1. If residue B:299 passes every condition in (1) at pLDDT below 95; (2) open to solvent by 10 Å² or more (accessible area, probe 1.4 Å); (3) among the acidic types (Asp, Glu) but one, which one does it miss?
2. Would you mention how many residues in region A:99-124 are more than 14 Å from every other protein chain (Cβ to nearest Cβ) and either at pLDDT 95 or above or open to solvent by less than 10 Å² (accessible area, probe 1.4 Å) (or both)?
3. Here's a check for you: in region A:196-234, which residue that is in a loop (DSSP other than H, G, I, E, B) and in contact with a Phe, Trp or Tyr (Cβ under 7 Å, 6 or more places away or on another chain) is farthest from residue A:254 (Cα to Cα)?
4. Can you tell me which residue in region A:133-150 is nearest to the other protein chains (Cβ to nearest Cβ), limited to those that are open to solvent by 10 Å² or more (accessible area, probe 1.4 Å) and within 17 Å of the chain's Cα centre (by Cα)?
5. Can you list the helices (runs of 4 or more DSSP H) found entirely within region A:1-112 that contain at least 1 residues being touching a Lys or Arg at 6+ places or on another chain (Cβ under 8 Å) and among the basic types (Lys, Arg)?
6. Pairs needed: first member in region A:255-273, open to solvent by 30 Å² or more (accessible area, probe 1.4 Å); second member anywhere, polar (S, T, N, Q) and in a loop (DSSP other than H, G, I, E, B); C-beta distance under 6 Å; at least 6 residues apart or different chains.
7. Please return the ranges of helices (runs of 4 or more DSSP H) entirely within region B:272-365 where 2 or more residues are in contact with a helix residue (DSSP H, G or I) (Cβ under 6 Å, 6 or more places away or on another chain).
8. Take the conditions modelled with pLDDT of 95 or more, open to solvent by 10 Å² or more (accessible area, probe 1.4 Å) and polar (S, T, N, Q) and apply them to residue B:255. Does it pass?
Amino acid sequence: MKDLVSIKDINREQIELILSTAASFKVVLQRDIKKVPALRGKTVVNLFFEPSTRTKTSFELAEKRLSTDVLNFSVPTSSVVKGETLLDTVRTIESYGVDYIVIRHSSSGVPHFISKNTHASVVNAGDGTNEHPTQALLDAFSILDKKETLEGLKIAIVGDVCHSRVAKSNIYLFSNFASEVRLVGPPTLVPEFKGYNVQYFNKIEDGIQGADVVMMLRIQSERMTKGFFPSTLEYASLWGLNSARLKLAKKDAIVMHPGPMNRGVEITSEVADSDQSIILEQVTNGLAVRMAVIYLLGRDNEQ
Amino acid sequence: MSNKIVIRDCRIVDVSQDIDSSGDIIIENNKVLDLVVHKPGLKPDYADFEVVEASGFMAMPGFIDIHTHLREPGFEHKETIATGTLAAIKGGFTSVCPMPNTNPVNDNPTVTTFIIKRAMKRGSCNVYPIGAITKGQNGEELAEMGMMLEAGCVAFSDDGKPVMNALVMKRALEYSKVFGVPLISHCEDMSLTAMGVMNEGYLATLLGLEGIPRSSEELIVSRDIMLAGYAGARLHIAHVSTRGSVDIIRRAKASGVQVTAETCPHYFTITEDAVKGYNTDAKVNPPLRCAEDIEAIKEGLRDGTIDVIATDHAPHHADEKVLEFDRAPSGISGLETALSLSLRLVDEGVLTYSDLCKKISYEPSKIFGIGKGTLKKGACADITIIDTKKEFIVSKSKLLSKGKNTPFEGMNLMGMPVAVVVKGKYINVLEL
């Protein structure tokens with residue numbers, strides 16, 4: 001595997017390899033000295049065309065823990081605005097002699113484009129409304145921390161699936177494990193996934209009934225002005241996760257959120273801070289998973 | 001070459017005279033002097049004439065592309081009148097109608113005159129410009145249709161920027177009745193298209209790209225048909241891409257509305273699947289649709305609902321297509337593949353050669369009142385000569401257009417033009 005641009009490109013075996021490698025790195029991260037020399041001398045560029053704090057921080061720290069040299073190349077908008085083509089940007093960066101390009105871009109398909117035009121390993125850190133593969137992997141890793149298997153697990157994904165790259169990568173990932181995926185939200189925010197075994201629910205009460213995992217998605221107010229739903233107040237009242245609704249899920253159900261949360265909109269503070277919430281653990285696990293991804297792509301390159 | 005030419009022993013297909021038989025085409029002083037249909041034992045003597053042996057080839061009245069973008073003035077890095085018309089004859093088109101979305105927009109007789117003069121000086125084929133419906137294609141005030149017609153325009157369109165205000169469109173249709181020329185509608189409801197970049201549906205979801213629903217096209221097809229019917233004006237629907245549009249146009253024709261329609265080779269050849277891998281060469285507006293749409297479009301071509309095959313030749317510079325999918329411009333460079341792709345319809349039994357002649361030459365001329373599309377005695381000698389059996393592989397590097405943006409790269413096709421006659425001038429296009 002040269003790149004990780006899409007969960008659709010990898011199979012169950014590869015996913016399991018990433019997750020088991022992440023488990024080893026998680027042990028490392030619990031030590032006093034958290035750094036390993038695994039990729040000393042390798043260079044990573046974090047190429048971020050879209051503002052990002054948490055994903056970028058997570059990648060950067062993961063890269064440093066692997067002893068790589070890290071370059072940050074942040075462009076607030078598309079390279080086109082500067083008058084440079086994306087291809088030129090990629091070629092410029094490649095000329096530095098980098099081994100990995102971690103790419104975040106507001107346009108779907110950019111990591112695919114870059115992977116075709118570079119020898120470096122490309123990691124998709126989120127492209128448009130398309131995919132966010134490392135988030136899906138860290139979500140799977142976090143679920144497996146609490147549950148024995150993903151097999152047959154009832155997983156409710158609630159909210160703006162339409163614009164969520166996190167939701168999409170998760171749907172593709174869970175399809176490898178015959179999990180029971182339920183998409184919950186108004187039809188304006190939930191597209192059809194014909195090729196995947198998913199169920200659709202307009203009402204959150206129906207969707208989270210008996211669920212093992214409740215994954216809440218961030219709702220962006222920008223969607224409101226474009227008419228996907230009337231107001232955050234109405235959204236919160238119809239699709240927000242509160243304690244009463246969470247009781248409909250299994251007793252040991254876990255609550256997840258890719259962050260950043262809108263407290264009081266898609267999730268109440270009571271739920272977000274409850275024992276069932278594993279939201280902060282997701283962040284911690286993200287480090288180990290991203291270390292594993294970069295480490296494994298690196299190994300493949302040398303073979 | 002002399003001004004006396006005989007194209008000898010070819011299969012002549014001319015729907016205007018209901019001819020499909022082998023014979024000779026005699027050209028003198030830029031006009032068709034006569035057609036000699038072969039009879040057994042008759043071997044005419046053509047002393048004084050330059051004879052072009054064309055046995056095994058087919059000749060039709062010169063093709064007319066009623067939907068072309070030549071990009072000049074203003075976007076000469078994408079295409080010029082010189083390169084665009086060269087690509088046209090390479091593709092068998094002896095006449096093209098360039099859309100007005102140049103810079104400045106062809107919304108006044110000065111720009112029209114510039115295009116026509118430049119085409120006379122540097123062009124390889126006839127150029128009949130299409131003027132804008134509204135000033136600056138802004139959909140607000142009517143452009144000077146009458147004066148543009150005098151300058152040489154043949155129809156009007158705000159192509160690419162549909163007239164969203166229904167009242168403006170109604171007035172434009174009413175006003176166009178003075179001249180009896182059609183308004184061409186690029187049918188798209190911009191509020192539904194929004195940020196869309198490909199066909200709306202499951203594939204768009206899988207690729208994380210914003211979709212353009214079929215209803216975006218069909219709403220304006222319906223609207224403009226209603227307005228044209230009410231005004232009693234002529235309407236031509238550009239680049240039909242959906243099954244629904246075909247149905248709406250079919251019903252409108254049956255009810256007597258003066259509506260005609262065109263589609264383009266990409267809409268009856270490839271589906272949205274061509275977008276997979278974020279292939280910007282397959283980004284086009286309206287977007288590539290699905291198999292069921294292709295079937296409906298073929299049926300529309302077969303039953304006459306769709307009158308014309310046009311190219312919507314939309315060349316872009318390579319640098320502009322090597323971009324993020326949602327930022328790359330829409331458009332396919334189509335002049336040089338249109339014939340070969342259309343010949344597939346003959347192969348499949350959707351069209352006969354006579355039907356093809358009708359869709360790509362006779363009807364375009366008739367709808368726009370160009371006075372061509374025929375090989376009748378005295379007609380302007382515009383002829384396209386085709387080798388229907390010649391096989392080739394589409395290659396960007398071989399395109400004469402500056403726009404190399406074709407989704408058909410690497411495709412095996414059969415049939416290509418070998419020569420054209422433009423106003424009596426014989427050009428071997430294989431040597432271009």
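The values are calculated or read from the model by the stated rules, or taken from the named source; none is laboratory data. All figures in this text were calculated on a predicted structure; none of them were measured in a lab. Cβ coordinates were reconstructed from backbone atoms using ideal geometry, including for glycine residues, and neighbour counts include every protein chain displayed. With ligands, DNA and RNA removed, areas are computed over all heavy atoms of the protein, side chains included. Shrake-Rupley method; radii C 1.70, N 1.55, O 1.52, S 1.80 Å.
1. The single condition residue B:299 does not satisfy is (1).
2. The total comes to 7.
3. Within region A:196-234, the subset in a loop (DSSP other than H, G, I, E, B) is A:196-197, A:202-203, A:209-212, A:217-220, A:226-231.
Okay, now just the ones that are also in contact with a Phe, Trp or Tyr (Cβ under 7 Å, 6 or more places away or on another chain), so A:219, A:229.
Numbers: A:219: 20, A:229: 27 Å.
So, considering only residues that are in a loop (DSSP other than H, G, I, E, B) and in contact with a Phe, Trp or Tyr (Cβ under 7 Å, 6 or more places away or on another chain), the one farthest from residue A:254 (Cα to Cα) is A:229.
4. Here is the first cut: in region A:133-150, the ones open to solvent by 10 Å² or more (accessible area, probe 1.4 Å) are A:135, A:141, A:144-149.
Checking which are within 17 Å of the chain's Cα centre (by Cα) leaves us with A:135, A:141, A:144-145.
On the way: A:135: 14, A:141: 23, A:144: 26, A:145: 28 Å.
Filtering region A:133-150 for residues that are open to solvent by 10 Å² or more (accessible area, probe 1.4 Å) and within 17 Å of the chain's Cα centre (by Cα), the one nearest to the other protein chains (Cβ to nearest Cβ) comes out as A:135.
5. Numbers: elements: A:12-29, A:54-65, A:86-95.
Correct list: A:54-65.
6. Short answer, once both residue conditions are applied: A:268/A:242.
7. On the way: elements: B:291-303, B:318-321, B:338-347, B:353-357.
Output list reads B:291-303, B:338-347, B:353-357.
8. Details: modelled with pLDDT of 95 or more: yes; open to solvent by 10 Å² or more (accessible area, probe 1.4 Å): yes; polar (S, T, N, Q): yes.
Answer is yes for this residue.
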